[in-house]
1. Give the share of C-alpha pairs in each 10 angstrom bin for the chain, from 0 to the last occupied bin, in whole percents, shortest bins first.
2. What is the Rg over Rh value, at two decimals, for segment 356-491, using alpha-carbon atoms and the Kirkwood definition of Rh?
3. Would you tally the net charge around Leu425, using a Cβ to Cβ cut-off of less than 14 Å, leaving Leu425 out, and scoring K and R as +1, D and E as -1?
4. Provide the gained length on full extension for the span Lys190 to Ala267, in nm with one decimal, where the gain is 0.36 nm per separating residue minus the Cα-Cα distance.
5. Taking all protein chains together and a probe of 1.4 Å, list Trp46, Trp385 from the most accessible to the least accessible.
6. Rounded to whole Å, give me the distance from the Cα center of segment 297-321 to that of segment 106-140.
7. FRET efficiency for Lys377 and Gln481, Cβ-Cβ distance as r, R0 = 30 Å, nearest 0.05?
8. Taking amide H atoms as placed 1.01 Å from N in the peptide plane, list the residues 5 or more away in sequence, or in a different chain, whose amide H sits under 5 Å from that of Lys311.
Amino acid sequence: MKKMKKLITFLLACTMMLGVFSGCGGNGNNKSDAGGSADGIVNLKWVAVGNGMPDNYTEWKAKMDSYLEEKIGVHLDMDIISWGDWDQRRNMIVSTNEPYDIMFTNNGTFYKDVNMGAFAKLDDLMDQVPALRDFIPEDYWEACKVNGSLYGVPSYKDSSATFFFVYDQELAEATGLDYKNAHTLPEVKKVLEAMYNTETANHAKGTPVFYVHQGGVDAIYGSKYDDISAGCPAIGVSYKNGKPEVVSVFEQEDIISDLTVLQEMYAEGLINSDANILTEVPKYNPCGIGQGWPSAADTIWGPNMGIKDLKAIAVQWGDTVLSNATVQGSLNCISASCAHPDKALQLLELVNTDSKVRDMLFYGLEGDNFDYTPDGKVHKNNTEWKMAGYTQGTFFNVTTLDTDAENQWDEVKQQNENAVASPILGFSLNKEPISDKLDSIIAIFTEWRPALMTGADPQARDKMLSAMKNAGLDDVIAEVQSQIDEWIASK
């Protein structure tokens, strides 16, 4: 009996010890009120993707914790998972209910995780973070709702989608054509034909000018149709006509027209002949497609071509569009098991409204990774910071670099403000009634995509559509339309 009492006493002591070190994030360093910490500081764990944990993380965390403790009574543990391990690791965290407080996610997994019960509803907490609530546009909040409830904080940045034709400026200028006013694929084809027959230091006459890999030119449908987050470009709702009408995308005249032009470009040699099997395009591409903003030609696309002193220039293709998927390209969700969701939300408010916090996440450790210049800009001392800035929060309170001639975030914000919103923004599709048919249709698109979206096979569209209809395409469209009609009626 005495041995039993000693055992019980020992187990109780262990339980109490564990209680001291448990809390919101469930990790050993937690100092939250729930864990019984005397100082009352809540420790939060944020899981995100990047290039792994920074080498100077300990020093960075000390500075961040000092600032956050003063502002909102929080300490922060970051778990930055490498790109190659991200999908498997995040799925494991969610499926096993491994402790965390905040997790980066996107439209690829958002709905599935919400339906699993992984994330907390935020509606009742939003009045506690008015600065965050009012900073992000209402449309963006709508895009993060599932069945009428809010489950995520969108990263207010390039949250709309704008596609660009990105040219080697020297080659485009050498044609003598007004390429800056070519905004459609048929118009651009004329420019590409002239580029094909033009010789420059970087381009040999008669060689491809529009390199494409086997994924094809997905901007053809992505710039015109909201895919309803179904994961299947074959069904969609037009941004243009403002009607919540579900259509068979590859049977629409605007899509057929662009696919025909793409086939002509392939046949004429403007597109590389191995496009339907190529896994990666060359760094130098006389004209490619980019999704971003105009000055990305100077800051990203041009430098990435790998040719010294090459200047790129971007010309917009179609409208800027806004959908659930574009907003959900980056959002952060709070664990349904978080003991302090109010504090987690306060942290995200600070990230989106406090430039000091934002710069520390975006650029790294002041005095090591970066320094502030006398005129209030950021000078990067190295490129060793491993966190991915787009996963964290807004771009619009990130301090600009001393190398930026203009504030590129102003361009992004203007694009967002001019975006054409999907007529089904905020609608969440229930895939359950059509999951088998939808999976079959997606598999058929995946099979035919290289031949169709590179222009390599003029018969690909008809063959693909025939297989899709046999797999139940019309039934899927009818079910999705029914759900949208019901959603509209309930608003």
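1. Reading the bins upward from 0: 4, 17, 25, 25, 17, 8, 3, 1, 0, 0.
2. Numbers: Rg = 23.6 Å, Rh = 19.9 Å.
Radius of gyration relative to Kirkwood radius: 1.19.
3. Values: positive: Lys145, Lys243, Lys491; negative: Glu138, Asp139, Glu142, Asp226, Asp227.
Result for the neighbourhood of Leu425: -2.
4. Details: separation 77, 0.36 × 77 = 27.72 nm, distance 1.43 nm.
So the chain would gain 26.3 nm between Lys190 and Ala267.
5. Numbers: Trp46 0, Trp385 30 Å².
Ranked list, largest accessible area first: Trp385, Trp46.
6. Using only Cα atoms, the two centres lie 33 Å from each other.
7. Numbers: r = 51 Å, r/R0 = 1.69.
Efficiency at R0 = 30 Å is approximately 0.05.
8. Sorted by chain and number, the residues that satisfy this are Gln169, Glu170.
The values are calculated or read from the model by the stated rules, or taken from the named source; none is laboratory data. Keep in mind it's a predicted model, so treat the numbers as computed, not measured. As a convention, Cβ positions derive from the backbone with ideal geometry for all residues, glycine included, and neighbour counts pool all protein chains shown. Areas reflect the complete protein model, heavy atoms only, side chains present, ligands, DNA and RNA absent. Shrake-Rupley method; radii C 1.70, N 1.55, O 1.52, S 1.80 Å.
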